[in-house]
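Below is one structure, written out as structure tokens; the observations come after it.
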Amino acid sequence: MPAHGMNAVRSGLQRIFEQVAGPMTEKCLTEVMIIGGGNADALTPMALGTLVNSRFRRVERTAEGWSGSYGYTAAYAAAVHEAPGTLKGTDTPRHPASLGNVWDGSLGPNGAEPGFLTKGFERDGLDDIKAAILRNMKL
């Protein structure tokens, strides 16, 4: 017995694949960058606001699929991110004192933290990121 409608099934599947591999993935990655970046911003040192104001978010199609990146363009961002944070919680004043204390004064309730970018995506935002992926990639 011959199967009927195979061409319609193939074209329907092709449309679904194009949707998943295109706009659905782009929207999902954008939402992931917004969630993780917002969490990272809350942990970013805010003495002058230069670091958090240099943030960027990029979602782009690559040869392998899609790529999302979030970061800071300030020249010292990597050094601050990788700082050991040994003075966190010691109320050590910055110089000048009007800048507040070291590892303090961020948007978050507990102040800034070393490794703020990683923690924003992997620790603080992980549950929200998983929920965004499930919500955005549902057919």
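All of the numbers you see were taken from the coordinates with simple rules; none came from a lab. These figures come from a predicted structure and were not determined experimentally. Neighbour counts run over all protein chains shown; Cβ positions are idealised from the backbone, glycine included.
Sorting H4, H81 from the fewest to the most surrounding beta carbons within 10 angstrom yields H4, H81. Net charge of the neighbourhood of M24, taken over other residues with C-beta under 15 Å away and scored Lys/Arg +1, Asp/Glu -1, is +2.
Annotation: amide H of A83 within the under-5 Å range of G115, sequence separation 5 or more or interchain, hydrogens built in the peptide plane.
Among the chymotrypsin sites (Phe, Trp or Tyr not before Pro) within the range 1-84, those in coil by DSSP and having at most 16 neighbouring Cβ atoms inside 10 Å are Y76.
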